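Structure first, commentary second.
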Amino acid sequence: MRGGGFTACVMLIVSLAAVRAACADDEQPPAAMMAPVRELAAFMSRLPQGAPAGVFARHGVCIVENFAPFLFCGAHAAARWEQGFRAHAADLGELVATFGAAHDFTQTGDRAYFSLPTTWTGLDAGKRFEEHGAWAFVLQRTGTADAVRWRILSYGWGVTAYTESP
């Protein structure tokens, strides 16, 4: 029985390693799809005047966030999200986002989906923080064949770990 337990444990470790390797080999969104995500993260990091132009789709936007009112959908969703994020970020500084490899990348027609492991670092009220989470994105393709552009139709943010240090 003891040998069987050891064998089962080794098989489990090998299986988990195979799953991790398979996830690392997931097809990745091309640069054109990552562009609005990177633009959004840059906007959130710097908070320049004005909205993040061209990042969000023109219609049907729906955003799930970890700040009130948590759900930003319908007409003017992006503008309401921007206002909410500016209030949320009032005590934040030195924000930097780093992305891991995307998971579950799928494209069907003019829409694409992927989950993006993300780590935010910076200052919150003067304290250094690190926030790990995942962004699940739905992108919408716009434009013509000569000028294709991807825009964020929807995203949901979920925190998976948060640490703070003085």
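A short reminder: the numbers here are calculations on the coordinates, not readings from a lab. If you're wondering where the values come from, they're calculated on a predicted model, not measured in any experiment. Ideal geometry is used to build each Cβ from the backbone, glycine not excepted, and the neighbour counts take in all protein chains shown.
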Cut-off 10 Å between beta-carbons: net charge of the residues surrounding PHE105, Lys and Arg +1, Asp and Glu -1 = -3
Quick shape check on segment 30-165: root eigenvalues a ≥ b ≥ c of the Cα gyration tensor, a/c under 1.5 is rounded, otherwise prolate if a/b tops b/c, else oblate, and it reads prolate
Cβ-Cβ cut-off under 12 Å around ASP124, Lys and Arg +1, Asp and Glu -1: the net charge is -3
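Could you tell me which trypsin sites (Lys or Arg not before Pro) in segment 33-104 are loop residues by DSSP with no more than 11 other beta carbons within 10 angstrom of their beta carbon?
Counting only loop positions with at most 11 other Cβ atoms within 10 Å, the trypsin sites (Lys or Arg not before Pro) in segment 33-104 are ARG58.
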Could you work out how far apart the two model spin labels at ALA136 and ALA101 are, taking each label as a point 7 Å from the Cα in the direction of the beta carbon, and quote it in nm?
-> 2.1
